[in-house]
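The block underneath contains the structure these notes are about, expressed in structure tokens.
Quick note: the coordinates plus some simple rules give every number you see, no bench work behind them. For clarity, every value in this text was computed on a predicted model and none was experimentally measured. Here the Cβ positions follow ideal geometry from the backbone for every residue, glycine too, while neighbour counts run over all protein chains shown.
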Amino acid sequence: MIRVDALVKRYASLAAPALRRVSFEVASGQLVAILGRSGAGKSTLLRCLVGLERFDEGTVEVDGVAVRAEDGPRGLRVLHGRVGLVPQSLDLFPHLSALDNCTLAPRIVKGERRADAEARASRLLGRLGLEAEQGAYPEHLSGGQRQRVAIARALAMEPRVLLYDEPTSSLDPSLREEVGRTLLTVKESGVTQLVSTHDWEFARSAAEWVLVLEGGAIVREGEPGQIVG
Amino acid sequence: MNARSALRALLVGVAAAAASPAAAAGARGGTLQAVQQRRELRWGADVFGGAPYVFQDPMDPNHLVGFEVELADAIARRLGAKARPAAGAWDKLLDLLARGDFDVALNGIEVAEEKRRVCLLSRPYYAAGERLSVRRGDPGAPRTLEAVKGRRVGALPGSLAQRILERAGAVVVTYDGGQDQIYDDLRLGRTDAVLLDDPIAHYYADVQPELETVPGSFGEVRYAVAVRLGDEALRDAIDGALSELARTGRLRALYQRWGIWNAETAALLGEPPPARPGLAEAWEAWRAAVGRPPSLRERLLVRYPRTFGLFARAAGLTLLLTLSSMALAMAVGALLAAARRYGAAPVRWLAVGVIELVRGTPLLVQLIMIYFGLPELGVKLDPFVAGWLGLGLNYAAAEAENYRAGLESVPVGQGEVATTLGLSRLQALRHVIAPQALRIAVPPMTNDVIALLKDSSLVSLVTLTELTKTYSNLAASMRDHLGLGLVVAAWYLLLGLPLARLGRLAERRLGRHLRRAAA
Ligand SMILES: Nc1ncnc2c1ncn2[C@@H]1O[C@H](COP(=O)(O)OP(=O)(O)OP(=O)(O)O)[C@@H](O)[C@H]1O
Ligand SMILES: [Mg+2]
């Protein structure tokens, strides 16, 4: 579960706030899309939720643990590891194989034994259809494969919530359905998912609930079928 | 510990070091006592100065020979000690003496008033005329003091000859030793004349048929042994030894053997002027060894093999210095780069300041400051430590910039993702950012190791006889610059090529993820 309450984010260089009292809640295991045009504030919102960006007002609560704006930079650490991110640019670790991309954090942060971490990562990659690619370096994978490695890498830390920043934007449109299927696979494991997108069709086909973000504020929300562009 | 108390502790430490016996070893007649206690007289000289002073036997360069070697032995024996030579650049001998690197300096040190401010001088042990050499058959050659006005004339820096020439209005070209080079330049027309002490002219000009030495003396120079200020007891003991050597005729015999017994020295020692030159066996041996370049066969089969031990030892020193300095440069460079990229503003400025200061000043200046400047603050470093510090800190600035370039080449997203996965900043640096940065930094680092290998030649300033110094000494003693130059080049390649290969291996390993998977 993730709950966002009256979140405000200002950039010094920007006159208007990038996020204006954003509030919403996503129940555990739900798959929600955040729909918005370029510049609406999607990435900013996700960066706040994942603890990369400080926010000026409001609260982010993940499964009972709350981070308030007043908590400062240290407070954000609570979110690291609890909320996973699949960045738009993926940012796979280029010097590590697909498998090592997924075992690095569990081993270093959680102190997992290599064998255990590898067994778990291997299962994750397998579930995402990457059995054969475990030993490959990111450089040698296709765009869709890379994205699934980035998802597996985030899932390896067993986050409560997983955020995706525009997962379809860098892919061939024909892969849109594949991404949707991947999200459903992840959903089976019970992880709460929040997907930012400007792709109307994708939001409607993949998500159970849609939030529409405009100028840093949520202007509408509802079931995919009810939301009209 | 706050900054102020740290500074105070540092100052107290420096003051304590300044008062330590090492810095003031010479005080209260201590050096004479020390020499007699350890039964060893350490005397400083520059082998690069060549024959007949102190040089490597051209037939077997593992031995030091020269009239001053024999003189030092004779003096030491009278002090109840054995003479042990110590290396140092000729124009730095008095600085090294003051620093305490050896007990006395004995290497054609000219008696001059201004030297008495920095050292004590013994009674002179040798006197010689200044000899002007010119190209044989050169119609325009300057043959008088009046004629050198406006002409290019070679001399040693800080010598009487230089002062005579400057007074006469000549354009003086100075060389730091390497008598052969001085006369080579004359032969090749780069200078019009050379003014040097009689023994040098005798040994280097007189063996070259293309050169001619103008009859007559252009001034008289006297050599004395230099001891540290405050070491009157040692100076007196050396004076006593010299008087006795003069009285018993040992000095004359020594000079005659080397073919440098002359009217000036005879007058100095109160002996009748020399009649006709007798047999100077040491000079004959020199002439036989180097008068005519030996055949290629003899060089390859006899002479070069005998340099092996000297070069091997020097190569060991060069390699050790290169590797340890690079290690220091990498460690300090990493700290500087980290401070510059991740530090708070004052730390960042400090790092930038250090980098710019070190990078913007010549290594030579830094070495002189470390070796000769720090003792003024009471910090007297061992030659190897001084060379290691100088090279290591100098290259640290370059390494810091390499690492910075590497760090900046890694996209910010890498660090951000690591953060979202729960890695601390240090963990992200170590496991995610550093490996990628290193790949970018390794090629310039490899370049730097090779550059460091070559720059390590500068540590001859701090009396370390590494490869280049070994080469220049040998070339001066054997009068063979080209052949030995190829030999020393081979030694440098022998050290450098494996280092370059190591760099390429590291590069390949760090870039493994960019290659197509092998079968
Ligand atoms: N680091 C920053 N500093 C200043 N302003 C920023 C920063 N990041 C984003 N902004 C501004 O905040 C607003 C929202 O940007 P954001 O990147 O969140 O939009 P987005 O919805 O993700 O757009 P896109 O679909 O193009 O990715 C924009 O006006 C942008 O210029
Ligand atoms: Mg965005």
Review point. What dipole magnitude, in Debye to the nearest 20, does the protein assembly as shown give about its Cα centre under +1 on Lys/Arg Cβ and -1 on Asp/Glu Cβ?
Key: 820 debye
Practice item. Take every Cα-Cα distance within the protein assembly as shown, group them into 20 Å bins from 0 onward, and report for each bin the whole-number percent of pairs it holds. Key: 14, 32, 21, 17, 14, 2, 0
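First obtain the Kirkwood hydrodynamic radius of region A:94-158 from its Cα pairs, then insert it into the Stokes-Einstein equation at 4 °C and 1.567 mPa s, and state the resulting D in µm² per second as a whole number. List each step's numbers first, then the result.
Details: Rh = 11.3 Å.
Value of D from the Cα-based Kirkwood radius: 115 µm²/s.
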Study note, to complete from the structure: Out of B:L502, B:Y492, B:L310 - ranked by how far each Cα lies towards the positive end of the dipole of region B:298-518, with unit charges on the beta-carbon of charged residues - the top one is B:L502
Exercise for review: Starting from the Cα of B:K82, draw a straight line to each of the lysines and keep only those under 29 Å, dropping any in the same chain fewer than 8 residues away.
Suggested key: B:K92, B:K115, B:K380, B:K469
Point to revise | On Cα atoms only, tilt of B:304-342 relative to the major axis of chain B in degrees | key: 40 degrees
Check your understanding: Relative to the first principal axis of the alpha-carbon coordinates of chain B, what is the inclination of helix B:383-409, with its axis defined by its Cα atoms, in degrees from 0 to 90 and to the nearest 10?
Key -> 30 degrees
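Only helices at least 15 Å long along their own axis, judged from Cα atoms, and with Kyte-Doolittle mean hydropathy of -1.0 or greater: name those in chain A from DSSP H.
On the way: long enough: A:98-109 (18 Å, 0.72); A:114-127 (19 Å, -0.81); A:143-155 (18 Å, -0.26); A:176-188 (19 Å, -0.71).
Result, helices passing both filters: A:98-109, A:114-127, A:143-155, A:176-188.
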Study note, to complete from the structure: The exposure ranking of B:I368, B:I238, B:I164, fewest beta-carbon neighbours within 10 Å first, is B:I368, B:I164, B:I238
Check your understanding: Tally Lys/Arg at +1 and Asp/Glu at -1 over every other residue whose Cβ is under 13 Å from the Cβ of B:L317; what's the total?
Key -> +1
Study note, to complete from the structure: Given unit charges at Cβ for Lys, Arg (+) and Asp, Glu (-), the dipole magnitude of chain A about its Cα centre in debye, nearest 20, is 460 debye
Check your understanding: How big is the charge dipole of chain B about its Cα centre, in debye rounded to the nearest 20, if each Lys and Arg gets +1 on its Cβ and each Asp and Glu gets -1 on its Cβ?
Key -> 1840 debye
Revision key, fill the gap. Inter-part gap, Cα centre of region B:301-355 to Cα centre of region A:56-95, in whole angstrom, is 43 Å
Practice item. For region B:127-220, build the charge dipole from Cβ charges (+1 Lys, Arg; -1 Asp, Glu) around the Cα centre, then report which of B:V153, B:P209, B:Q179 sits farthest towards its positive end. Key: B:V153
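Can you give the direction-averaged projected area of the convex hull of the alpha-carbon atoms in chain B, in nm²? Walk me through the numbers on the way to the answer.
Numbers: hull surface 128.8 nm².
Averaged projected hull area, Cα only: 32.2 nm².
Under the definition of Cα pairs under 8 Å and six or more residues apart, what whole-number percent is the relative contact order of region A:115-158?
Working: 21 pairs, mean separation 21.3, N = 44.
The value is 48 percent.
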Check your understanding: Where both partners of a DSSP beta bridge lie in region B:127-220, what percent of those bridges are antiparallel, to the nearest 5?
Key -> 55 percent
Check your understanding: Hey, what did chain B get for relative contact order, percent, Cα under 8 Å, at least 6 apart?
Key -> 18 percent
Review point. If you bin the C-alpha pair distances of region A:71-229 every 5 Å from 0, what whole percents do you get?
Key: 2, 9, 17, 20, 20, 14, 9, 6, 3, 0
Point to revise | Mean separation of Cα contacts under 8 Å (6+ apart) over length of chain A, as relative contact order % | key: 28 percent
Review point. How crowded by other chains is A:88-99, given as the mean number of beta carbons from other chains within 10 Å of each beta carbon?
Key: 5
Practice item. Can you bin region B:127-220 into rounded, prolate or oblate? Criterion: square roots of the alpha carbon gyration tensor eigenvalues sorted a ≥ b ≥ c, rounded for a/c under 1.5, prolate for a/b above b/c, oblate for the rest. Key: rounded
**Study point:** Average beta carbon contacts from partner chains per residue of A:103-109, 10 Å cutoff
**Key:** 5
Check your understanding: Going by alpha carbons, how many degrees (0 to 90, nearest 10) lie between the helix axis of B:232-247 and the longest principal axis of chain B?
Key -> 40 degrees
Revision key, fill the gap. Per its Cα gyration tensor (rounded if a/c is under 1.5, else prolate when a/b beats b/c, else oblate), region B:298-518 is best filed as oblate
Review point. Say the dipole of region B:230-284 comes from +1 at the beta carbon of Lys and Arg and -1 at that of Asp and Glu; which of B:L269, B:A237, B:A253 then lies farthest toward its positive end?
Key: B:A253
Review point. Roughly how crowded by other chains is peptide B:418-431, in terms of the mean Cβ count from those chains within 10 Å of each of its Cβ atoms?
Key: 6
